[in-house]
1. Report the semi-axes of the equivalent ellipsoid for the range 506-550 in whole Å, largest first, where each axis is √(5λ) for an eigenvalue λ of the Cα gyration tensor.
2. I need the phi-derived Karplus couplings for the range 133-143: 6.51 cos²θ - 1.76 cosθ + 1.60, θ = phi - 60°, integer Hz, Gly and Pro marked x.
3. Would you order Thr479, Thr434, Thr86 from fewest to most other beta-carbon atoms within 10 Å of each residue's own beta-carbon?
4. Could you put Met465, Met233, Met190 in order, starting from the residue whose Cβ has the fewest other Cβ atoms within 10 Å?
5. Which three lengths, in whole Å and largest first, does the chain cover when its Cα atoms are put on their principal axes?
6. How do Val394, Val403 line up, fewest other C-beta atoms within 10 Å first?
7. Considering all alpha-carbon pairs of the range 19-322, what whole percent are spaced by more than 27 angstrom?
8. Pairs on different chains or at least eight residues apart, Cα atoms closer than 28 Å: how many lysine pairs in the range 341-383 fit?
Amino acid sequence: MRRILFFASLLLFQYTHAQQIAFERDSNTTTTYDETIAFYQKLDKKYAACTLLTYGSTDSGKPLHVFVLNKEGQFNPQQLHQQHKTILLINNGIHPGEPEGIDASMMLARDLLEKNNLPRNAVVCIIPVYNVGGMLNRGASRVNQNGPEAYGFRGNARNLDLNRDFIKTDSRNTRSFQEIFHTWKPDIFMDTHTSNGADYQYVMTLIETQTDKLHPVLGDFAPTFTSELYNRMQKSNFGMVPYVNFRGSNPESGLVAFLETPRYSTGYAALHHTIGYMPETHMWKPYPQRVHSTYEILRHFISVADERAAEIHDRRQLALEQSKTQKQFVLTWKLDTIAHRQISFKGYKSGEKLSDVSGFPRQYYDRNKPFTKGIPYYNRYKPDIVVEKPYAYVIPQAWQEVVDLLIINGITVNKLKKDTLLTLQMYYITDYQTGRGPYEGHYLHSNIKVRPEVQQIQCYVGDYMVITNQSGNRYILETLEPQAADSFFSWNFFDSILSQKEYFSAYIFEDEAFRMLNKDLELKKQFEQAKTTDEELRNNGRAQLDWIYKHSAHYEKTHLRYPVGRLLEHSPRPTRFTCSSARTVSSVFE
Ligand SMILES: [Zn+2]
């Protein structure tokens, strides 16, 4: 019945809409890049309540577009925020092989305009396609996907997966996105996707910003918004389930809420106190159902945001305000393996049989054996590494690319006005692991351990100071603290500090080392102690020389020293460090 209704509605589309998209002519087809932009340009010309804007470039050389819909035909983001409008940002085609959102957004934007049905309290910003280069690279690269016939590719023009790029910002797409994000400051965000993985009965699944990661005033609210999306999708005949990320070998083992760290779109949005959603349709369902369900979730997303605009706006402002004085920040999270709730899950029986290809056992899902049963859903995370924020971070100007990213992200950065000796807490990197192979153009570090040490650090005129009294504090802490899950350190921004620049020649240093031990009895005592506890050291002459070298005045202090210093307290003496504004806002020191 649903299918008949759906095709009837397709026929209706054919006869009523002046502007059709390719999908409406052939439901196994998705739009091309040129058709998409031409479509929005035509809407822009025809209606006063919308405008098509461009922001910066993408790695393909083509600009990034944003289509903005406002009933009142006014498109100044500052004024719209002053009017307490809720700003929605919808992102499509970050993975262009998952094009439902591209098609659904075009139809929805047109329908809202045609029927004069735009929300009163919400402004809708749509990125028609984010990964422009990927969309231009059209083919059929998703082997397990049930249509459309041809579509774009996951990698962008630089072969980057843009949904891992929100912190390292290797692509021009991401830079332009961040400009859009900080111009429009969306209160709420949706990034449309298609999933692969297990088979189950649902067309649509949903990832929401993991609520423990949100500021409590948003974390309390987001689940009520989410459950309204679930209710309305059920009424639209597209009942949903959380994204099917399961604990064991199949979904019956229980689902685990996906922890979207800041490298992902919604994890990035959460750093700026924006509630995020990633709808994920199931790739093996027919394309028309996937487009239709995406259309429905976008429609409900807009209407719930419209109805609850005042509350969303107030809570978000409160979160932004309170984060300025927040003292502690969580850098990593771990799954609470005990807390869970039961959810009803409509799956297909899975099992193992012998492969016709290899003769070895293979997994399969039997669509003739659907089931509905209660399964555990683990959706709580507990703080793991937590830090106290310093008064400010001091960044030597040598690390300009880090400062550039802070500025793009709306962070106020000050410059030292003169050479200054500062007492800073510095971190030494004491342990870390590095991925064996390249990951998104990087050799990602993880499990980073640090040892803090207070030192006198010579800073120079033009070095940067970032004071942690900002609504962007989460972005500051979660990028600059090396232990954070997606810190700049983990993404290799500071790798040059990891290698030692000077060494000793053993045959010359032998005599010097002997002299040092005899001259410094305390050092000698420590050395003997180290040998008793460390067998490797005891049995290795070179290692012993290295131990003495590293305890000598010759050993470089900068080896393994993370260069961003933590200024723990603001000095009461105003002349101690004077700063001038670095492009953004005037200094607090003047
Ligand atoms: Zn995706």
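1. Rounded to whole Å, the semi-axes are 16, 14, 6.
2. x, x, 5, 5, 8, 7, x, 9, 7, 10, 4
3. The order, fewest Cβ neighbours first, is Thr434, Thr86, Thr479.
4. Ascending number of Cβ neighbours within 10 Å: Met233, Met465, Met190.
5. Reported extents, whole Å, longest axis first: 94, 68, 43.
6. Val403, Val394
7. For the range 19-322, the share of Cα pairs beyond 27 Å comes to 36 percent.
8. Total qualifying Lys-Lys pairs in the range 341-383 comes to 7.
Read the figures in this text as sums done on the coordinates, not as results from a lab. Please read these numbers as outputs of a predicted model, since none were measured by experiment. Cβ atoms come from the backbone with ideal geometry, glycine included; neighbour counts cover every protein chain shown.
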